[in-house]
Amino acid sequence: MHITGSILVTGGAGFIGSHTVVELLAAGREVVVLDNFCNAKPSVLPRIRTLAGRDFTFQEGDVCDKGTLESVFRKHDIGAVIHFAGLKAVGESTRLPLDYYRNNLSGTIGLLETMQAFGCRNLVFSSSATVYGDPAEVPIRESFPLSATNPYGRSKLMVEDLCRDLAASEAGWRIALLRYFNPVGAHPSGLLGEDPQGIPNNLMPYLLQVAAGQRPFLEVFGQDYPTPDGSGVRDYLHVVDLAKGHLAALGALHGLQGAVPINLGTGKGYSVLEMIQALERTVGHPIPWRFGPRRPGDIAQCYADPTRAQELLGWRAVLDLDCMCRDGWNWQQSGAVAQI
Ligand code: WQD
């Protein structure tokens, strides 16, 4: 049966979370956001309300604090949870593994225990294509072998395994394990977008800062990968498409049994050099870059076979690369993003 009640969105002030909350509100859902602002700013909240033209409940707090979780479930009739809250920087995870396991794994265990205690067994989990490790071939299907090469990826894989075991132990769990490929872009309004603290780890926010003259050049990590132009190939998808994928997953949960992994990607791969050229078309000027050595832990190619998302969720990505660049650039110039 379809999900009634409020939707709890943990990490709902973050990059993907905030875009998802806007889509949930626009669809008429009642939403409760829990966020500790460890990777988001309070200024996002009024922008979400402005975009959606509706209010939602906000609870500042840490998903690792079971008292806070229990208080949220006591105050609200939570019908389902979309769980974004967690740490997500690959490099940082190798330096601070305990932080990653405590936040990503223990935090999720506490959430699942609280959901169980309050009789809520509907979950959409923010997983990642990183659980495929270095795939033997592309495009990647959900049935491919899983592995991890860093504590961040391992924490995502461990949560997936945890969800599979939980669903096998107790009837009634409906869990969508959404494996994101590479989210980029921003809300077309320029009010929401990726606002990384410090030096961006990911390609697109760094490239946007170079394009805006905030950094001297982009270093392309590797030119000798077995790819068409030697640089790394990834499946970049617009964050608004990704947000709509969460809405589709929520709507399809009643038809799922147990924990079901689903790729959220476009099915098309672009190289780093193609991304630079795409953004240059948008900004209208060359963007300085140079080749550097491979980044440890990087893989050559990673892009999705998105068939299952289409079949199970009736979802596919529709926004193209130029739209990702245009909305990302609009956000970069909006002034809302932290000027370094
Ligand atoms: C993309 C491509 C780099 C920066 C990671 C996580 C994944 C998810 C998304 C959380 C690669 C190249 C990058 C730069 C470069 N995160 N690059 N110069 O590594 O595919 O995925 O972020 O869920 O789990 O693993 O994304 O944006 O870091 O890199 O050449 O300054 O850009 O080598 O080919 P990645 P990315």
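Checked against the criterion of being within 21 Å of I16 (Cα to Cα) and either in contact with a Phe, Trp or Tyr (Cβ under 6 Å, 6 or more places away or on another chain) or among the hydroxyl-bearing types (S, T, Y) (or both), segment 255-264 has at least one qualifying residue. Residues in segment 256-266 that are open to solvent by less than 50 Å² (accessible area, probe 1.4 Å) and either at pLDDT below 95 or more than 16 Å from the ligand (Cβ to nearest atom) (or both): 4 in all. Among the residues of segment 230-255, those identified as assigned to a helix (DSSP H, G or I) and within 16 Å of the ligand (Cβ to nearest atom) are V239, D241, L242, A243, G245, H246. Among the residues in segment 46-67, are any without any contact (Cβ under 8 Å) to a residue 40 or more places away in the chain, part of a helix (DSSP H, G or I), farther than 24 Å from K244 by Cβ and open to solvent by 10 Å² or more (accessible area, probe 1.4 Å)? Within segment 46-67, one or more residues are without any contact (Cβ under 8 Å) to a residue 40 or more places away in the chain, part of a helix (DSSP H, G or I), farther than 24 Å from K244 by Cβ and open to solvent by 10 Å² or more (accessible area, probe 1.4 Å). The single condition among (1) among the small types (G, A, S); (2) farther than 30 Å from C120 by Cβ; (3) open to solvent by 10 Å² or more (accessible area, probe 1.4 Å); (4) away from the ligand (no atom under 14 Å from the Cβ) that G190 does not meet is (3).
Scan segment 24-41 and tell me whether some residue there is more than 19 Å from the chain's Cα centre (by Cα), charged (D, E, K, R) and either part of a helix (DSSP H, G or I) or on the phi > 0 side of the Ramachandran plot (or both). No: zero hits.
Selection over segment 193-226 of residues that are hydrophobic (A, V, I, L, M, F, W, C) and either within 8 Å of the ligand (Cβ to nearest atom) or under 30 Å from E160 (Cα atoms) (or both) gives a count of 7.
Entry remark, segment 275-302: residues being near the ligand (Cβ under 10 Å from one of its atoms) and in a loop (DSSP other than H, G, I, E, B) number 6 in total. Here L105 does not qualify as away from the ligand (no atom under 16 Å from the Cβ) and either crowded, with 22+ Cβ neighbours inside 10 Å or not in a loop (DSSP other than H, G, I, E, B) (or both).
Listed by first and then second residue, the pairs with beta-carbon distance under 8 Å, at least 6 apart or on different chains, first residue in segment 219-247 and under 30 Å from L8 (Cβ atoms), second at pLDDT below 95 and more than 13 Å from the ligand (Cβ to nearest atom), form an empty list.
Can you say whether N122 is under 25 Å from G258 (Cα atoms) and touching a Gly at 6+ places or on another chain (Cβ under 6 Å), as far as the supplied structure shows? Here the answer is no, as N122 does not meet what is asked. Keeping to segment 324-340, report how many residues are touching a residue at least 60 places away in the same chain (Cβ under 8 Å) and either touching a strand residue (DSSP E or B) at 6+ places or on another chain (Cβ under 6 Å) or part of a loop (DSSP other than H, G, I, E, B) (or both). Summing the residues that are touching a residue at least 60 places away in the same chain (Cβ under 8 Å) and either touching a strand residue (DSSP E or B) at 6+ places or on another chain (Cβ under 6 Å) or part of a loop (DSSP other than H, G, I, E, B) (or both) in segment 324-340 gives 10.
Okay, residues lined up against (1) open to solvent by 10 Å² or more (accessible area, probe 1.4 Å); (2) within 15 Å of the ligand (Cβ to nearest atom); (3) in contact with a strand residue (DSSP E or B) (Cβ under 7 Å, 6 or more places away or on another chain); (4) assigned to a strand (DSSP E or B):
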| site | (1), (2), (3), (4) |
| --- | --- |
| L111 | no, no, yes, no |
| M115 | no, no, yes, no |
| F144 | yes, no, yes, no |
| T149 | yes, yes, no, no |
| Y152 | yes, yes, no, no |
| S155 | no, yes, no, no |
| D161 | yes, no, no, no |
| G172 | yes, no, no, no |
| I175 | no, no, yes, yes |
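The values are calculated or read from the model by the stated rules, or taken from the named source; none is laboratory data. Here the structure is a predicted model, which means the values were calculated and not measured. Ideal geometry is used to build each Cβ from the backbone, glycine not excepted, and the neighbour counts take in all protein chains shown. Each accessible area value is taken on the protein alone, full model and side chains, heavy atoms only, with ligands, DNA and RNA left out. Shrake-Rupley method; radii C 1.70, N 1.55, O 1.52, S 1.80 Å.
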